[in-house]
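> Please read through the structure below; I'll follow up with questions.
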Amino acid sequence: MDLIIVESPSKAKTIAKYLKGKYKVDASGGHVRDLPEKTLGVKITSNFEPKYEITPSKKDVIKRLTAEARKAGKVYLATDPDREGEAISWHLQTVLGLDENGENRIEFNEISPSAVQKALASPRKINYNLVDAQQARRVLDRLVGYKLSPLLNNRIQSGLSAGRVQSVALRLIVDREREIQAFVPDEYWTFSAILQDRQTKYQPFKATYQLKKNGESIGKELAEQVEEKVKNGTFKVTKVKKGVTKQHAPAPFTTSSLQQDASNKFSMTSPEIMLVAQHLYEGMDVGGDHIALITYIRTDSVRVSQEAQDNALEFIKNEYGADYVPAKPNHYATKKGAQDAHEAIRPINLSVTPASVKSSLDKKHYNVYKLIYDRFVASQMAEAQYNTMQIECDSSGYIFKASGKAMLFAGYTAAYQEVVKEEEEDASALFPPVEEGDILNLNSLTKEQKFTRPPLRYTDASLVKVMEEKGIGRPSTYASIISVLTKRRYVEKDGKYMVPTEVAYKITDMLLKYFTDIMDVGFTARMEDDLDKIEDGGCDWHKIISDFYPSFAEKLKTASTDGDEMTDVLCEKCGSPMIRRLGKYGKYLACSNYPACSNIVSEAEVEISEIRCPKCGANMVVKSGKFGKFLACPNYPECSSILPIDAKITEEKCKECQGTMLLKKGKYGEFLECTKCGAKRPLSGEKNEKTEGVCPDCGKPMRRMRSKTGKIYYGCTGYPECKFLSWDAPTGSKCPKCGAFLVKRSGKVRCSGKDCDYTEELPQDES
């Protein structure tokens with residue numbers, strides 16, 4: 001039996017159902033090889049060749065797939081139809097030992113029986129241009145991220161990261177916020193006049209005038225002058241324009257437009273939208289059946305297949321009528337620079353209506369499917385038509401304007417409604433049939449003070465839109481970029497709007513200072529063009545990297561050593577001159593003989609603690625870290641001892657290693673912990689402990705303690721020499737009946753023996 005390998009189990013389930021047991025279908029779970037996590041993994045001196053490793057979590061997957069491949073007649077690699085999918089197929093081909101020139105790669109834009117069968121009928125070789133384009137992106141991102149992140153961690157704070165595309169997107173958000181902060185509003189006034197024909201035959205209508213000057217504020221005094229003139233003047237119709245306008249149907253969804261529309265209509269985040277869309281693409285349980293609902297979701301093309309278009313036109317004719325079918329089928333131009341490798345996002349089968357699957361899907365999956373379904377149907381429908389009317393009226397030299405429209409033919413709007421802009425909400429009706437030269441009555445006049453507004457902060461939708469417009473990233477990366485910015489807390493959400501955090505400004509400013517090219521929007525877009533050239537076979541990916549890296553490495557060196565100053569101070573370890581440097585905690589001296597000698601000495605003013613280092617005896621100093629202030633030994637790195645800021649050193653010694661004991665507070669009270677070996681034990685001494693009862697083994701007092709669940713129990717104060725424990729306080733006496741020790745329980749003295757029922761009353765002073 002032949003084997004088909006896909007990425008996800010859900011996709012495997014869908015395809016297996018379509019093939020009805022004729023093929024074995026299994027999933028790799030995405031990439032099985034990648035660059036190592038803890039090392040660069042790129043051989044800079046060997047033409048930037050990547051050093052791939054098997055992902056640790058995928059060892060069992062590879063073992064299973066290898067066994068299945070050996071038994072299979074033929075192995076088909078059916079990963080996603082894009083660069084990433086092609087790279088996954090190549091990695092699978094390599095680890096499974098398949099022929100590198102074998103025709104075992106299949107792809108399909110939709111997961112349907114016909115598409116799968118068609119793909120199986122025409123397998124091809126791995127497209128190594130696509131693989132190289134993905135490798136180039138991966139290596140570029142690794143070089144930038146792996147080299148820049150330590151710089152940020154050293155100069156700003158720990159736990160930061162940078163990325164070739166991520167950091168540019170962050171710059172957009174920071175620049176917008178600074179634009180908002182620098183914005184100075186201008187005052188202006190709006191006048192709303194309710195007008196009516198003098199014969200009062202028709203309904204009154206509203207016309208507006210804005211008192212506004214470019215870059216200047218309009219004061220209340222001038223506004224009142226205008227108001228007085230208009231109130232006492234006449235309104236004469238100077239212009240009437242009537243017509244019929246046509247509004248073309250919108251194109252079917254790309255990855256970007258889907259994210260924008262779903263975000264605006266359902267307030268979903270981009271990562272959330274893409275996750276839901278992925279489920280719809282791979283297949284879901286619908287009415288007892290497992291089917292895929294939409295085509296491939298990572299695309300920047302608005303193209304649809306001829307078959308899909310023909311089916312849509314037939315559906316529209318039957319569902320809406322012949323009038324809703326356009327005279328010529330709608331075709332849309334894909335924007336310049338788009339890869340156009342796949343169709344637009346559309347439903348696979350129009351007979352699977354949103355209404356028919358509503359009961360099987362949750363709200364989010366239903367909303368996204370209906371949005372995609374309606375948008376595709378609308379994209380193939382006739383234009384919407386409107387009667388329009390525009391009126392201009394003169395009053396004392398001030399031109400009041402009114403415009404409106406009324407639907408003449410619904411067209412595509414019968415299937416899909418676009419988000420209405422605020423300024424269009426008041427223009428949804430036609431006005432009375434006035435003519436040029438008519439004199440109108442003023443029923444009322446309202447003036448309103450307003451101020452110009454700063455630009456809006458970015459939302460998921462608007463950020464994706466501008467990234468697409470500027471060529472930053474690709475459809476497959478928009479959601480992941482936004483996800484990283486949010487997860488790392490470089491941005492916070494104020495409602496749906498993105499607000500940069502303090503660290504975002506620091507990261508942006510530092511990278512702009514030293515890496516102007518990487519932070520340049522145009523540079524990032526040009527790099528995406530270069531990756532497209534690699535995909536098309538017009539450029540060697542090694543050259544792209546080799547052209548980029550030398551300049552980057554030089555800038556990195558400058559950024560790392562900026563502010564360094566050679567001093568006359570000699571290293572106490574090796575005698576080499578010390579270099580004065582600036583780090584996130586201030587100035588420090590570092591040995592110039594690094595990495596042979598890693599000696600560093602702090603030069604910053606530090607707060608000296610009275611607490612002595614438990615390991616070397618030096619007075620500890622106060623430092624600040626990711627989680628606040630802490631105590632550190634000044635003799636680092638010889639002594640790396642650290643303590644909590646509120647640490648309390650006791651005079652007691654550890655019974656295990658004679659180390660210094662530290663007083664700490666835990667969930668169940670105070671305890672002692674050794675600073676050397678980490679051994680823990682309860683407090684000792686009458687002052688610090690509550691005792692009750694007498695140990696039947698050694699005669700020492702029993703310590704009252706509390707378990708993790710909060711239950712009281714008793715332990716011997718002679719621990720660890722005596723390890724006696726009891727849930728009840730022992731009295732120190734023996735049972736006269738059976739000889740077991742007596743305990744206090746439920747207000748009486750009772751025998752601890754399970755089979756003994758001896759009891760006696762508590763002494764008077766204890767009752």
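The values are calculated or read from the model by the stated rules, or taken from the named source; none is laboratory data. Owing to the predicted nature of the structure, the values given are computational and were not obtained by experimental measurement. All Cβ positions, glycine included, derive from the backbone under ideal geometry; neighbour counts span all protein chains shown.
> Cβ contacts < 8 Å: first residue part of a strand (DSSP E or B), restricted to segment 3-32; second residue buried (at least 20 other Cβ atoms within 10 Å of the Cβ) and among the polar types (S, T, N, Q), any location; separation 6+ or different chain. Result?
I5/S28; I5/T79; V6/S28; V6/T79
> What's the number of the condition L160 fails, among (1) modelled with pLDDT under 95; (2) within 30 Å of S351 (Cα to Cα)?
It fails just one condition, (2).
> Taking the stated definitions as given, is E436 assigned to a loop (DSSP other than H, G, I, E, B) and more than 20 Å from the chain's Cα centre (by Cα)?
Judged against the criteria, E436 is a match.
Listed here are the residues, each with its yes/no results for (1) crowded, with 18+ Cβ neighbours inside 10 Å; (2) at pLDDT below 95; (3) within 26 Å of the chain's Cα centre (by Cα); (4) of a type outside the set (V, I, T).
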{"site": "A251", "(1), (2), (3), (4)": "yes, no, no, yes"}
{"site": "N264", "(1), (2), (3), (4)": "no, yes, yes, yes"}
{"site": "I273", "(1), (2), (3), (4)": "yes, no, yes, no"}
{"site": "A277", "(1), (2), (3), (4)": "yes, no, yes, yes"}
{"site": "L293", "(1), (2), (3), (4)": "yes, no, yes, yes"}
{"site": "Y320", "(1), (2), (3), (4)": "yes, no, no, yes"}
{"site": "K336", "(1), (2), (3), (4)": "no, yes, no, yes"}
{"site": "T353", "(1), (2), (3), (4)": "no, no, no, no"}
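> Being part of a loop (DSSP other than H, G, I, E, B) and either under 29 Å from D438 (Cα atoms) or among the charged types (D, E, K, R) (or both) is the requirement here; does Q196 meet it?
Against the criterion (part of a loop (DSSP other than H, G, I, E, B) and either under 29 Å from D438 (Cα atoms) or among the charged types (D, E, K, R) (or both)), Q196 does not qualify.
> Given the conditions (1) closer than 19 Å to S149 by Cβ; (2) modelled with pLDDT of 90 or more, which single one is not true for K496?
Checking K496 against (1) closer than 19 Å to S149 by Cβ; (2) modelled with pLDDT of 90 or more, the one that fails is (1).
> Show the residue pairs meeting these rules: Cβ distance below 6 Å; 6+ apart or different chains; first residue within segment 164-191 and more than 26 Å from R474 (Cα to Cα); second residue modelled with pLDDT of 95 or more and among the aromatic types (F, W, Y).
Note: pairs meeting the criteria are F191/Y209.
> For a quick check of your reading of the model, give me the residue pairs whose first member lies in segment 389-416 and is over 29 Å from S379 (Cβ atoms), whose second is of a type in the set (D, E) and surrounded by fewer than 20 Cβ atoms within 10 Å (Cβ to Cβ), with beta-carbon atoms closer than 7 Å and at least 6 apart or on different chains.
Within 7 Å, the pairs are I399/E392; K401/E392.
> Return yes or no: is S483 under 30 Å from K231 (Cα atoms) and touching a helix residue (DSSP H, G or I) at 6+ places or on another chain (Cβ under 7 Å)?
In short, no.
> Here is a check on your reading of the model: is A322 free of Cβ contacts under 8 Å to residues at least 24 places away in the same chain and in the same structural domain as V352 (by TED's automatic domain parsing)?
Against the criterion (free of Cβ contacts under 8 Å to residues at least 24 places away in the same chain and in the same structural domain as V352 (by TED's automatic domain parsing)), A322 qualifies.
> I need the helices (runs of 4 or more DSSP H) fully contained in segment 451-535, keeping only those with at least 1 residues that are closer than 19 Å to A262 by Cβ.
460-470, 478-487
> Could you please find all residues in segment 260-289 being in contact with a Ser or Thr (Cβ under 8 Å, 6 or more places away or on another chain), of a type outside the set (A, V, I, L, M) and not in a helix (DSSP H, G or I)?
T269, G283, D285, G287
> Could you pull out the residue among E37, E107 that is surrounded by fewer than 15 Cβ atoms within 10 Å (Cβ to Cβ) and not in a helix (DSSP H, G or I)?
Exactly one of E37, E107 is surrounded by fewer than 15 Cβ atoms within 10 Å (Cβ to Cβ) and not in a helix (DSSP H, G or I), namely E37.
> Next question, about the same structure. Do we have D530 as over 30 Å from N264 (Cα atoms), in contact with a helix residue (DSSP H, G or I) (Cβ under 9 Å, 6 or more places away or on another chain) and surrounded by 16 or more Cβ atoms within 10 Å (Cβ to Cβ) here?
yes
> Please verify whether segment 192-215 includes one or more residues that are within 48 Å of the chain's Cα centre (by Cα), surrounded by fewer than 18 Cβ atoms within 10 Å (Cβ to Cβ) and under 30 Å from P500 (Cα atoms).
yes
> Which condition breaks for K744 when tested against (1) in contact with a Leu (Cβ under 8 Å, 6 or more places away or on another chain); (2) of a type outside the set (S, T, N, Q); (3) touching a residue at least 24 places away in the same chain (Cβ under 8 Å); (4) closer than 28 Å to C654 by Cβ?
Among (1) in contact with a Leu (Cβ under 8 Å, 6 or more places away or on another chain); (2) of a type outside the set (S, T, N, Q); (3) touching a residue at least 24 places away in the same chain (Cβ under 8 Å); (4) closer than 28 Å to C654 by Cβ, K744 violates only (4).
> For segment 601-670, give me every one of the strands (runs of 3 or more DSSP E) that falls completely inside it and has 3 or more residues that are farther than 30 Å from C722 by Cβ and modelled with pLDDT of 80 or more.
Passing ranges, in order: 628-632, 642-644.
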